[in-house]
1. Taking the options Leu175, Leu138, name whichever one is closer than 29 Å to Asn195 by Cα, at pLDDT 95 or above, surrounded by fewer than 14 Cβ atoms within 10 Å (Cβ to Cβ) and of a type outside the set (Lys, Arg).
2. On the given criteria, is Ser32 at pLDDT 95 or above and either in a strand (DSSP E or B) or closer than 17 Å to Ala151 by Cβ (or both)?
3. Under 7 Å between Cβ atoms, at least 6 apart or on separate chains: pull out the pairs that start in region 152-171 with a residue that is modelled with pLDDT under 95 and surrounded by fewer than 19 Cβ atoms within 10 Å (Cβ to Cβ) and end on any residue that is acidic (Asp, Glu) and part of a loop (DSSP other than H, G, I, E, B).
4. Considering every residue within region 108-123, establish whether at least one is β-branched (Val, Ile, Thr) and more than 25 Å from Tyr153 (Cα to Cα).
5. Could you list, in sequence order, the residues of region 101-113 that are surrounded by 19 or more Cβ atoms within 10 Å (Cβ to Cβ) and over 30 Å from Gly76 (Cβ atoms)?
6. Quick check: is even one residue across region 157-179 part of a helix (DSSP H, G or I), hydroxyl-bearing (Ser, Thr, Tyr) and in contact with a Lys or Arg (Cβ under 6 Å, 6 or more places away or on another chain)?
7. Return yes or no: is Val80 under 12 Å from the mean Cα position of the chain (by Cα) and closer than 18 Å to Leu127 by Cα?
8. Taking Asn194 and the conditions (1) touching a strand residue (DSSP E or B) at 6+ places or on another chain (Cβ under 6 Å); (2) at pLDDT below 95, which numbered condition does it fall short on, given that it satisfies the others?
Amino acid sequence: MDGVILRNRNSWEKALSGIYGAGGNRNYAFQSISRHGKKFHVPPGLELRSYIENSFDARDVTYDFHLMADFLSYTGIKSVIISAGVINYARKLSETYHLDDYVANDVMDYRGELKFIRHVDPDRKDLNLDLYLKKFGLKKCEAISIGDSLADYSMRKSSAFFIAFNPVDARLLSLADATAYNFSEVIHIIRAINNISRGESFGTPISD
């Protein structure tokens with residue numbers, strides 16, 4: 001989701017910087033804020049989840065993602081978001097663009113302190129992908145994964161093909177099966193894969 005469907009590569013920074021500030025030494029990557037014991041106190045009177053929900057900015061959606069959504073709808077390809085980012089954003093995108101499902105990470109206000117709820121391990125997204133393959137009755141050879149980071153590449157373990165989308169790390173270029181910088185290119189790649197496979201349909205899990 002982050003850096004793929006959303007141009008912003010860190011949805012937690014988008015969601016939390018309005019409360020706790022931006023810049024400096026602040027690191028809002030989920031790996032950092034959930035694993036290193038840093039405490040975030042929720043300001044009195046703040047309805048945390050409503051605030052995060054309202055922080056979503058539709059202008060941050062990658063400019064041609066609507067083409068991908070139309071393509072998925074037309075072809076009937078299954079599509080899910082697997083993200084270590086903000087679950088509110090994943091839900092909003094899934095509902096708006098009629099994707100089949102989503103999973104992402106969450107927070108809650110527990111006695112005035114921010115508590116992180118992990119549904120996706122940033123380094124093991126293949127585990128979530130395995131669950132979706134089982135849910136939709138798909139095989140690994142029918143799955144394509146998409147991401148912008150080395151962490152996303154874990155999904156290659158559970159898919160036949162990995163597309164690096166506007167990759168943040170140059171090392172991903174040598175690992176990915178293909179590279180795309182917009183969704184028109186992603187559609188072209190998927191069509192080419194389907195042609196090579198003689199018309200067999202691929203499920204397409206979509207990640208951040």
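1. Details: Leu138 fails: surrounded by fewer than 14 Cβ atoms within 10 Å (Cβ to Cβ).
Within the list Leu175, Leu138, the selection yields Leu175.
2. It is false that Ser32 is at pLDDT 95 or above and either in a strand (DSSP E or B) or closer than 17 Å to Ala151 by Cβ (or both).
3. Val168/Asp148
4. Filtering region 108-123 down to residues β-branched (Val, Ile, Thr) leaves 117, 120.
Filter once more, so that each one left must be more than 25 Å from Tyr153 (Cα to Cα): none.
No, that holds for no residue.
5. Val107
6. If we filter region 157-179 for residues that are part of a helix (DSSP H, G or I), which is where we start, we get 157-158, 171-175.
When the remaining residues are screened for being hydroxyl-bearing (Ser, Thr, Tyr), the result is 158, 174.
In the following step, the residues that additionally are in contact with a Lys or Arg (Cβ under 6 Å, 6 or more places away or on another chain) were identified as 158.
Yes, because at least one residue in region 157-179 is part of a helix (DSSP H, G or I), hydroxyl-bearing (Ser, Thr, Tyr) and in contact with a Lys or Arg (Cβ under 6 Å, 6 or more places away or on another chain).
7. Numbers: under 12 Å from the mean Cα position of the chain (by Cα): yes; closer than 18 Å to Leu127 by Cα: yes.
Yes.
8. Answer for Asn194: the failing condition is (1).
The values are calculated or read from the model by the stated rules, or taken from the named source; none is laboratory data. Bear in mind the structure is a predicted one, so any value in this text is a computation, not a measurement. Methodologically, a virtual Cβ is constructed for each residue, glycine included, from the backbone with ideal geometry; neighbour enumeration extends over all protein chains shown.
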